[in-house]
Amino acid sequence: MIDVAIARIEAVLLAAGVLLMAVNTMANVVGRYVLGESIFFSEELNQALIILITFAGISYAARHGRHIRMSAFFDAAQFRWRKALMIAIAVVTAAIMFLLTWYSFDYLLTQMRRGRLLPALQIPQWWIIVWVPLGFFLTGLQYTLAAIKNLIDPNIWLSTSTLEGYDTSAEEEV
Amino acid sequence: AETWRYAFEEAMDEVQGKFAQKFKEEVEANSDNEVQLFPFGTLGESADIMEQAQSGILQFVDQSPGFTGALIPEAQVFFVPYLLPADEGQLIKFFRDSKAIHELFPPLYADQGLELLTMFPEGEVMMTTTKPIAGPADLNEVKFRVMTNPLLVASYQAFGATPTPLPWGEVYGALQTGIIQGQENPAFFIESTKMYEVANNITRAGHNNFTTAVMANKEFFDGLSDADKTVVRNAIAAAFDYTVDYQSGLTETSLQKIKEARPDVTITTLTEEQRAPFKATAAAVEAKFLEIGGPQAKPILDQMKADLAAAAGN
Amino acid sequence: MTYAIFGSMIGLLLLGFPMMIPLLVGALIGFVGLFGGFGQLDTMVQQILAGIRPASLIAVPMFIFAADIMTRGQSANRLIDLVMAFVGHIKGGLAISTAAACTLFGAVSGSTQATVVAVGGPLRPRMLKAGYNDSFVLALIINASDIAFLIPPSIGMIIYGVVSGTSISELFIAGIGPGLLILLLFSVYAYVYAVRNDVPTERRATWGARGAALRRALWPLGFPLIIVGGIYGGIFSPTEAAAACVLYALFLEMVVFREMTLRQLYQTAKSTGLITAVVFILIGAGAAFSYVISFAQVPQAILGAIGIDGMGAYGVLFTISIAFFVGCMFVDPIVVILILVPIFAPVVKSVGIDPVLVGTIITLQVAIGSATPPFGCDIFTAIAIFKRPYAEVVRGTPPFIFMLLLVSVLLIFFPQIALFLRDLAFAK
Ligand code: NA
Ligand code: NA
């Protein structure tokens, strides 16, 4: 239930981030030519948006098993080896995500303490990086859930919602 | 013996690089410590290396006060136009003796975990534009690339241009295709970055001199033995002298090199009369600085003016 | 430590870990090793963010978005129909057109990743339908996109020019010759491939049919106009042109063709965001890894051990080529240029090689590196966009890399390939 809500929020953030980025970039062009004045915060807003998109997106991608991997050797292995390896991959990946959650949170606190401002927007720089620890945390959570699913289910799961293998037929809409 | 790491914002053979190399040479000659140098971009952008110095990964770092403005708003005072003198002798005297630099600024840097070691000038800022500039009227409708700093934006707005933010990597291409028609930098930088190839009118309006601060991580510096502290201080002093020496004539040499590479480049030094309308805009930018320059803006500006008067010898 | 880093990276990669993990673990081992513990991992986070933050990268999601809208709607098909009306009857015509489109688009956009998306996105399905093998198609798109680096404007050349003090205008002109030579080689290969695999051709279209295709493509022809005219005409930066394409694509598909609903717009934006995130986390992790290599001064140590000072001109050029080729396989190309160029500068000067030639060779190696396994960013992008396995995406690349390396060698022995146009333009 909560997971569905989180997925929904991530999806909306992704779509809104991309649309805003297009509008913001064009607004700067219009400003420059029509109003004779550049929008000074345009670049900083895009920076904020790309960070938002990346970190909302990595957990969304983890949920749908869309992170890029080199699976040639993995695919060639026997079922039980693949199963064991998939659990190991999910556990190790989750551990690294949680480690980065901790240190990106630490980085966020450091930036709050230093009080660096964004030069054009004149707002604290930490505002645009609050997504970073959150994104790492939710991604770690997804991989933890994937490990659990692989432990309790007989199939091999790339993520909680995706079985291993490349789906060539119906283009899944995620 | 320790390894100290020093990152700066320019390439090895630009002014900050020369300073850092001299510093390294002095430290290594007078102690058994080693200094590793990291020029522009090898450890990230200006803000990144500054943070790394604050975290103690780097022991030394250069950052021009303009960039430091995001952290220490008072440092933006160096963007107030026509504050620093055009005369080189006065300028050097000011940097050597200024109470603002040596007494008022260090506590502000210390609050950010940094020991301010020195500040030094890098050269007169010049405009390079696709069309010649003789007065504010020629800047009308000119899209002029400036660093994203409120005071620079205010300056060029007051000059009559359309200040346009653009990442440094895109400036050359944008001048070439015509998205922007101007940018500003010291002569050596215009020469090394080849800006004159795509904007062949250089104008000396004498409105500013590019400044850099050299800092150490405060915890590291406080933890040094007295002997090592002396080594660092002496090396900074020697590098300062060396850089002043290196710079005398650097502007002329750079301009000459530009002229040799592209004979069609025009270099115009505005007369006092031509500068007057540009100078008239300075008061407004100064007011803007007092508004956004942080709690110490007023004392720093007043002290700088007193220091400058002293350097001018009256 | 270097061995531990590269060993674990290759190991994790081959075991099938998500590709961000080998890069992040490489960086982690580096940070922990360099700073004796976890105390400086804040800076690792900083570098991940520094990797995804550059303003010029914004063009990538924008072109992904525009291409996705065009492909779901009608614009892309109408443009391709127009091309097919003229080249459909030629053996390998579609493949050659794809290579040419990648060259042109890459040239103006300056981004190899954006090219993979914007040209490869719409053209790949058509090439598959026309009977080309997927591995060939993917490799052609990825490698033809490389030409973007060589033809102006080129960010790699600007950085090289600044670091080495070389005229950027001369570098820009010098890149054109090798860029076109690569396009020529790829076209010949595409032709040979089409003949050997007997890819069917269409019947030659009549002039009436061509006229009809042209009329249908009138609106979508606004895209090349926005991109080529807008950028070379000094109206847009490449990033802004990308955003302009997004809005124009929305205008066409939602207002003119009325093909796209608001719901589809939401889906498209979301899928763009997803692909962006998957690629950008790798760029960020790669930047953190590059930082370690740079901080530990690994290249300096390796090159110091080789001893380039005693080599002649050919020896130096080969060493430079290999160093940049290998460097760009693992590390961000811009960082490679920033670190290696100053190291090589003295020997280039003492041997007396034209720095413009060196810049062209380096730019070519950087281009090759971004399409070369294991960590070439164009490969990531292709995997994310086309949802194909890594092995399949790289299977077709060897012939292309061979051709690119052939051009590298030719450049060393026949510098005029690069310098001819430069000498003509600057009357040297
Ligand atoms: Na290009
Ligand atoms: Na690469």
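The values are calculated or read from the model by the stated rules, or taken from the named source; none is laboratory data. These numbers were taken from a predicted model, which means no experiment stands behind them. In this analysis, Cβ positions are derived from the backbone assuming ideal geometry, glycine residues included, and neighbour counts consider all displayed protein chains. Note: areas computed on protein heavy atoms with side chains; ligands, DNA, RNA excluded. Shrake-Rupley method; radii C 1.70, N 1.55, O 1.52, S 1.80 Å.
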| query | Which residues' amide hydrogens lie under 5 Å from the amide hydrogen of C:PHE236, considering only partners 5 or more residues apart or on another chain, with H built in the peptide plane? | reply | C:ILE231
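How shielded is A:25-35 by partner chains, expressed as the average number of their Cβ atoms within 10 Å of its Cβ atoms? Kindly include the intermediate steps, with their values, before the conclusion.
On the way: counts 14, 9, 1, 6, 11, 0, 2, 8, 3, 0, 1.
Per residue, the average neighbour count from other chains is 5.
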| remark: In whole percent, the Cα-Cα distances of chain C spread across 20 Å bins from 0 upward as 26, 57, 17, 1
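Beyond 29 Å between alpha-carbons counts as too far, so tell me which of B:LYS194/B:LYS298; B:LYS24/B:LYS99; B:LYS22/B:LYS143; B:LYS18/B:LYS218 fall in that bin. Write down the numbers at each step before the final one.
On the way: B:LYS194/B:LYS298 38 Å; B:LYS24/B:LYS99 27 Å; B:LYS22/B:LYS143 38 Å; B:LYS18/B:LYS218 24 Å.
Pairs exceeding the cut-off: B:LYS194/B:LYS298; B:LYS22/B:LYS143.
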| task | Please find the FRET efficiency linking A:ILE152 to B:THR253, where r is the Cβ-Cβ separation and R0 is fixed at 56 Å, and quote it to the nearest 0.05. | result | 0.15
| query | How would C:ASP42, B:ASP241 line up by accessible area, probe 1.4 Å, largest first? | reply | B:ASP241, C:ASP42
| task | Can you work out the PRE-style zone for C:TYR232? Point 7 Å along Cα to Cβ, and I want the residues of the stretch C:60-104 with backbone N under 13 Å. | result | C:104
| message | Calculate the FRET efficiency for B:ASP97 and B:ASN234 from the Cβ-Cβ distance with a Förster distance of 22 Å, rounded to the nearest 0.05. | response | 0.75
| task | At 7 Å along the Cα-to-beta-carbon direction for both C:LEU218 and B:GLU219, put a label point, then send me their distance in nm to one decimal. | result | 6.9 nm
| query | Straight-line reach from B:LYS93: which lysines have Cα under 20 Å away, leaving out those fewer than 8 places along the same chain? | reply | B:LYS305
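Kirkwood Rh, the stretch B:3-147, all Cα pairs: how many Å? Don't jump to the answer; show the numbers that get you there.
Values: mean 1/r = 0.0580 Å⁻¹.
This gives a value of 17.2 Å.
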| field | Karplus 3J(HN,Hα) series, Hz, for the stretch B:132-145 with 6.51 cos²θ - 1.76 cosθ + 1.60 (x for Gly, Pro) | value | x, 10, 10, x, x, 4, 6, 8, 4, 6, 7, 7, 10, 6
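Rounded to the nearest whole Å², what accessible area per residue is found for the stretch C:1-93 with the 1.4 Å probe?
Values: 2660 Å² over 93 residues.
On a per-residue basis, 29 Å².
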| Fully extended, how many nm does the chain gain between C:SER56 and C:VAL255 (0.36 nm per residue separation, minus their Cα-Cα distance)? | 68.7 nm
| remark: Under the 7 Å Cα-to-Cβ spin-label approximation, B:ALA310 and C:GLN416 lie apart by a distance in nanometres of 6.8 nm
| message | For the stretch A:126-165, report the % of Cα-Cα distances exceeding 11 Å. | response | 64 percent
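How much mean residue ellipticity at 222 nm does chain C get from its helices, if each DSSP H run of length 4 or more adds -39500 (n - 2.57) and you divide by all residues, to the nearest 500 deg cm²/dmol? Could you put the intermediate results ahead of the total?
Working: 23 runs with 320 residues, N = 428.
Computed ellipticity for chain C at 222 nm equals -24000 deg cm²/dmol.
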| Normalised convex hull volume, the stretch B:109-257, alpha-carbon set, Å³ per residue | 122 Å³
| remark: The correct pair for the stretch C:1-134, radius of gyration to one decimal and Dmax as a whole number, both in Å and from Cα atoms, is 20.9, 65
| In sequence order, what are the phi-derived ³J(HN,Hα) couplings for the stretch B:2-7 according to the Karplus relation 6.51 cos²θ - 1.76 cosθ + 1.60 with θ = phi - 60°, rounded to whole Hz, with x for glycine and proline? | 10, 9, 9, 10, 10, 10
| said: Are there any residues in the stretch B:177-218 with a reduction of at least 50 Å² in accessible surface when going from the isolated chain to the assembly of protein chains? Probe 1.4 Å, please list them by number. | reply: B:THR177, B:ILE179, B:LYS194
| note | Averaged over all viewing directions, the convex hull of the alpha carbons in chain B casts a projected area in nm² of 15.3 nm²
| request: Over the stretch C:269-428, consider all pairs of different Cα atoms and compute the Kirkwood hydrodynamic radius from their mean reciprocal separation; express it in Å, one decimal. | output: 17.2 Å
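Given the convex hull over the Cα atoms of the stretch A:78-174, what projected area results after averaging over all orientations, in nm²? Don't skip to the end; give the middle numbers.
Details: hull surface 34.5 nm².
For the stretch A:78-174, averaging the hull's shadow over all directions gives 8.6 nm².
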| request: Just add up the charged neighbours of B:ALA311: K/R +1, D/E -1, any other residue whose Cβ is under 10 Å from the Cβ of B:ALA311. | output: -1
| Cut-off under 5 Å, modelled amide H: who pairs with A:SER71 long-range | C:TYR390, C:ALA391
| request: Take the Cβ-Cβ distance between A:PHE98 and C:ALA391 as r, set R0 to 45 Å, and report the resulting FRET efficiency rounded to the nearest 0.05. | output: 0.90
| remark: Ratio for the stretch C:235-331, C-alpha Rg to 2.2 N^0.38 Å, reads 1.83
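Given N residues in the stretch C:55-151, what is Rg(Cα) / (2.2 N^0.38 Å)? Each step should come with its number before you reach the end.
Details: Rg = 12.7 Å, N = 97, 2.2 N^0.38 = 12.5 Å.
So the Cα radius of gyration is 1.02 times the expected 2.2 N^0.38 Å.
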| Accessible area buried between chains C and B, both sides summed, probe 1.4 Å, in Å² to nearest 100 | 2600 Å²
| message | Could you work out what % of the accessible surface of the stretch B:200-314 is carbon and sulfur, using a 1.4 angstrom probe and leaving DNA, RNA and ligands out of the count? | response | 53 percent
| query | In whole angstrom, how far apart do the alpha carbon centroids of the stretch C:193-208 and the stretch C:88-106 sit? | reply | 13 Å
| note | So the angle from the long Cα axis of helix C:59-72 to the longest Cα principal axis of chain C, reported in degrees to the nearest 10, equals 30 degrees
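So what is the relative contact order of chain C, in percent, for Cα pairs below 8 Å that sit 6 or more residues apart? It would help to have the intermediate numbers written out before the result.
Values: 614 pairs, mean separation 108.3, N = 428.
Computed over chain C, the figure is 25 percent.
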| request: Run the dipole for the protein assembly as shown about the Cα centre, Lys and Arg Cβ at +1, Asp and Glu Cβ at -1, nothing else charged, and hand back the magnitude in debye, nearest 20. | output: 3400 debye
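Computed on protein heavy atoms with a 1.4 Å probe, what is the summed buried accessible area for the chain pair A and C, in Å² to the nearest 100? Mind dumping the intermediate values first?
Values: alone 11380 and 18280 Å², together 24250 Å².
Interface between A and C: roughly 5400 Å².
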| query | Accessible area per residue of the stretch B:28-151 at 1.4 Å probe, in Å²? | reply | 31 Å²
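At a probe of 1.4 Å, how much accessible area disappears from chains B and A on forming the pair, both sides counted, to the nearest 100 Å²?
Details: alone 13290 and 11380 Å², together 23000 Å².
Approximately 1700 Å² gets buried when B meets A.
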| task | With the cut-off at 25 Å, report for the stretch A:32-143 the share of all Cα pairs above it, as a whole percent. | result | 41 percent
| request: Once you have a ≥ b ≥ c as the square roots of the Cα gyration tensor eigenvalues for the stretch C:222-278, tell me rounded if a/c is under 1.5, and otherwise prolate or oblate according to whether a/b is larger than b/c. | output: oblate
| said: Quick one: the Cα spread of the stretch C:144-260 along its three principal axes, in angstroms, biggest first? | reply: 53, 43, 24
| query | Where the centre of each part is set by its Cα atoms, how far does the stretch C:365-423 sit from the stretch B:1-66, in angstrom? | reply | 35 Å
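What is the sum of charges, Lys and Arg at +1 and Asp and Glu at -1, for the other residues whose Cβ falls under 14 Å from the Cβ of B:ASN234?
Working: positive: B:LYS22, B:LYS24, B:LYS229, B:ARG233; negative: B:GLU25, B:GLU26, B:GLU28, B:ASP226, B:ASP228, B:ASP241.
Spelling it out: positives minus negatives among the neighbours equals -2.
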| task | Convert each backbone phi in the stretch C:147-161 into a coupling constant with the Karplus relation 6.51 cos²θ - 1.76 cosθ + 1.60 (shift: θ = phi - 60°), then list the ³J(HN,Hα) values in order as whole Hz, x for Gly and Pro. | result | 4, 3, 5, 8, 9, x, x, 10, 5, x, 5, 4, 5, 4, x
| said: Taking the Cα of C:ASP423, stepping 7 Å toward and past its beta carbon, and measuring to each backbone N in the stretch C:168-191: which are under 17 Å? | reply: C:170-171, C:173-178
| query | Roughly to the nearest percent, how much of the accessible area of the stretch C:1-75 is carbon and sulfur, given a 1.4 Å probe? | reply | 69 percent
| field | the stretch C:231-372, accessible area per residue, ligands and nucleic acids excluded (1.4 Å, Å²) | value | 31 Å²
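Probe radius 1.4 Å, ligands and nucleic acids left out: which of C:PHE289, C:PHE426 has the largest accessible area, and how do the rest follow? Write out the running numbers ahead of the final one.
Values: C:PHE289 0, C:PHE426 60 Å².
Ranked list, largest accessible area first: C:PHE426, C:PHE289.
Report D for the protein assembly as shown in µm² per second (integer): Stokes-Einstein, Kirkwood Rh on Cα pairs, 4 °C, 1.567 mPa s. Intermediate values should be presented prior to the final figure.
Values: Rh = 28.8 Å.
Estimated diffusion coefficient is 45 µm²/s.
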| Using alpha-carbon coordinates, inclination of helix C:75-87 to the longest axis of chain C, degrees | 80 degrees
